[in-house]
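For reference, the structure I am asking about is given below.
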Amino acid sequence: PKNPVDLDRLLIMTFTRAAAGEMRERIAKALEQALYEDPDNEHLQRQTTLIHGAQITTIDGFCAYILRNYFHLIDLDPGYRTGDEGELKLIKEDVLSELLEEEYQKQEEDFQQFVECYAPGKSDEGLKDWILKVYEAAMSHPDPEKWLEESLSSYEEKTPEEFFDQPWMKLVWKTAAEELFQAQSLLEEGKLLCGQVDGPGHYEEALDSDLLLVRDLQETVKEQDYDKMAVLL
């Protein structure tokens, strides 16, 4: 090579441990092949030793390496350990409970409306689940705050055309179509039961009426006519 670099001078990061292991194995095989072709190359000979200590790891693994070797620079207890998934879940839930309690005490109208939308009952467990889902989704992106800001922008005031073209609105239509298909299947199954001997035939008229409404709603979903949908409902 024109500019040879020792493996222990490189940082190679992957997303999973399996990928890191595979990468190390592939590099080792490539070195073995190169050394077979050039057995007197001292640089290659050295790399076959250095590969065992090379930083071929996950992002989490590299961060842990930094903490282990430089804990004294940030006054970190050298006996620290990484919490397991269960412990981290409990910590998140405790922090979220404290945060919500603080907001409850403020009694601000916006927060109260928020709670009514996502936790209409006596328990706010559903609200906590939604918040944690949003948190996990945000943390899966390189810049969580930027992702949250961009996601929020899709809910800002827009023209009707822009409003109905939002990704989340398309998801609403998709979900509505799936729910209506399920309703249609149940109603048709109910009609079959009504037609059986000694079946509940007196319900058939009501089922026909509901089925007609569902089909009208399905047509409205295909047209994505929000105003017509509101009238039908």
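Being part of a loop (DSSP other than H, G, I, E, B) and out of contact with any Asp or Glu (no Cβ under 9 Å at 6 or more places or on another chain) is the filter here, so list the residues in region 144-167 that pass it. Full working, then the answer.
Initially, region 144-167 is screened for residues part of a loop (DSSP other than H, G, I, E, B), giving 154-159, 165-166.
The answer is Ser154, Tyr155, Glu156, Glu157, Thr159, Asp165, Gln166.
Now a separate question. Scan region 185-199 and tell me whether some residue there is touching a residue at least 12 places away in the same chain (Cβ under 8 Å) and closer than 30 Å to Val134 by Cβ. Spell out how you get there, then give the answer.
Applying the first criterion (touching a residue at least 12 places away in the same chain (Cβ under 8 Å)) to region 185-199 yields 187-188, 190-191, 194.
Next cut, closer than 30 Å to Val134 by Cβ only: none.
Checked region 185-199: no residue is touching a residue at least 12 places away in the same chain (Cβ under 8 Å) and closer than 30 Å to Val134 by Cβ.
Which condition from (1) touching a residue at least 60 places away in the same chain (Cβ under 8 Å); (2) exposed (fewer than 13 other Cβ atoms within 10 Å of the Cβ) is the one that Gln224 breaks?
If we test Gln224 against (1) touching a residue at least 60 places away in the same chain (Cβ under 8 Å); (2) exposed (fewer than 13 other Cβ atoms within 10 Å of the Cβ), just (2) comes out false.
Just checking, how many residues over region 46-93 are free of Cβ contacts under 8 Å to residues at least 12 places away in the same chain and assigned to a helix (DSSP H, G or I)? Don't jump to the end; show me each part of the working.
Just the residues of region 46-93 that are free of Cβ contacts under 8 Å to residues at least 12 places away in the same chain, to begin with: 49, 52, 60, 63, 65-66, 68-79, 81, 83-91.
After this cut, where a residue has to be assigned to a helix (DSSP H, G or I) as well, the list is 49, 52, 60, 63, 65-66, 68-74, 85-91.
So the count comes out to 20.
For region 124-143, how many residues are in a loop (DSSP other than H, G, I, E, B) and free of Cβ contacts under 8 Å to residues at least 24 places away in the same chain? Spell out the reasoning first.
Within region 124-143, the first condition is being in a loop (DSSP other than H, G, I, E, B), and the residues that meet it are 124, 140-143.
Of the ones still in play, those that are also free of Cβ contacts under 8 Å to residues at least 24 places away in the same chain are 140-143.
Qualifying residue count for the region: 4.
Is it the case that Val197 is assigned to a helix (DSSP H, G or I) and either surrounded by 13 or more Cβ atoms within 10 Å (Cβ to Cβ) or more than 27 Å from the chain's Cα centre (by Cα) (or both)?
Values: assigned to a helix (DSSP H, G or I): no; either surrounded by 13 or more Cβ atoms within 10 Å (Cβ to Cβ) or more than 27 Å from the chain's Cα centre (by Cα) (or both): yes.
When the stated conditions are applied, Val197 does not pass them.
Return the residue satisfying two criteria in turn: it lies in region 116-125 and is closer than 23 Å to Met139 by Cα and surrounded by 12 or more Cβ atoms within 10 Å (Cβ to Cβ), and of such residues it is nearest to the chain's Cα centre (by Cα). Can you show your working first?
Of the residues in region 116-125, the ones closer than 23 Å to Met139 by Cα are 118, 124-125.
The next check asks that each one be surrounded by 12 or more Cβ atoms within 10 Å (Cβ to Cβ); those that pass are 118, 124.
Working: Tyr118: 19, Asp124: 21 Å.
Among them, the one singled out is Tyr118.
Same structure again: Filter region 1-17 down to the residues that are loosely packed, with under 13 Cβ neighbours inside 10 Å, modelled with pLDDT of 90 or more and aliphatic (A, V, I, L, M) and list them by number.
Of everything in region 1-17, those that are loosely packed, with under 13 Cβ neighbours inside 10 Å, modelled with pLDDT of 90 or more and aliphatic (A, V, I, L, M) turn out to be Leu10, Leu11.
The values are calculated or read from the model by the stated rules, or taken from the named source; none is laboratory data. Note that the coordinates shown come from a computational prediction; the quantities given were computed from them, not determined experimentally. We place every Cβ from the backbone using ideal geometry, glycine too, and count neighbours over all the protein chains shown.
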